[in-house]
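Trainee: Structure below; questions to follow.
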Amino acid sequence: MRSEGSIEGAIEEYAVLPSGLAEQVAALEAQAWPGSSPGHDPALAPRAVLLLDADGRVAASLALLHKPVRLADGRTYRAAGLSGVVTRADVRGRGYGGRLVAAVRARLAADPGVDLALFSCDRELVPFYEAAGFEVLPGTVLVGGTPADPLATDAPGLDKTVLGAFPTGAADDEGRADRVRAAFTGIRVPLYPGTIDRLW
């Protein structure tokens, strides 16, 4: 668990949520996405990242997922994705969600084990994620599910936009972010997270 202070609370990261916090996150997710199943595929190394308010209650939460992504050029990249981003209804509009997403983006940028952050969102949420430092990847499509039963972000009925962020890497690897950005722009990305998390 890592923690950092803020004016209105703290951001904390967990591999396993304590039961009280897990119940709060499950309730937030059930409110936002009725009928969805809680939790993520353990193969995606899920980590819960929470913004706790001054009373220690979950104000906003998200899951950070990880997996290697192999592109058609044969290169494998270490990708992280955001999933289940949600803010408690009674504190929406106060900046909790934006602060949480921006903090996660900053952590990913400093993580030497991550080549890029990559995820999709509903089109109307793009400005929210751009304000936190993510960028739209024009023409990029994530293909999730499984190879036998794929789910793509450009499937009929889905109105998804793919966003990314690209850590710069070591000082001796100038241009790394630009190379990774170019590799993931305008392509179909074989994400294939599986049957539990069909897309992240």
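Here is a yes/no grid of residues against (1) open to solvent by 50 Å² or more (accessible area, probe 1.4 Å); (2) under 12 Å from the mean Cα position of the chain (by Cα); (3) of a type in the set (S, T, Y):
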residue: A32; (1), (2), (3): no, no, no
residue: G35; (1), (2), (3): yes, no, no
residue: R47; (1), (2), (3): yes, yes, no
residue: V58; (1), (2), (3): no, no, no
residue: L65; (1), (2), (3): no, yes, no
residue: R75; (1), (2), (3): yes, no, no
residue: A80; (1), (2), (3): no, yes, no
residue: G98; (1), (2), (3): no, no, no
residue: V104; (1), (2), (3): no, yes, no
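Trainee: Tell me which residues, restricted to the range 138-188, are aliphatic (A, V, I, L, M), out of contact with any Leu (no Cβ under 9 Å at 6 or more places or on another chain) and modelled with pLDDT of 95 or more.
Mentor: Passing the criteria: V141, A148, A155, A182.
Trainee: Still on this model: Of everything in the range 7-44, what is in contact with a strand residue (DSSP E or B) (Cβ under 9 Å, 6 or more places away or on another chain), free of Cβ contacts under 8 Å to residues at least 40 places away in the same chain and farther than 30 Å from T146 by Cα? Give them in sequence order.
Mentor: L21, Q24
Trainee: Also, I was wondering about something else. Listed residues R92, R75, R47, R57; which is more than 15 Å from L17 (Cβ to Cβ) and touching a residue at least 12 places away in the same chain (Cβ under 8 Å)?
Mentor: That would be R75, the only listed residue that is more than 15 Å from L17 (Cβ to Cβ) and touching a residue at least 12 places away in the same chain (Cβ under 8 Å).
The values are calculated or read from the model by the stated rules, or taken from the named source; none is laboratory data. Worth saying up front: this structure is predicted, and the values here are computed from it rather than measured. Note that each Cβ is placed from the backbone with ideal geometry, even for glycine, and that neighbours are counted across all protein chains shown. Side chains included, ligands, DNA and RNA excluded: accessible areas come from the protein's heavy atoms. Shrake-Rupley method; radii C 1.70, N 1.55, O 1.52, S 1.80 Å.
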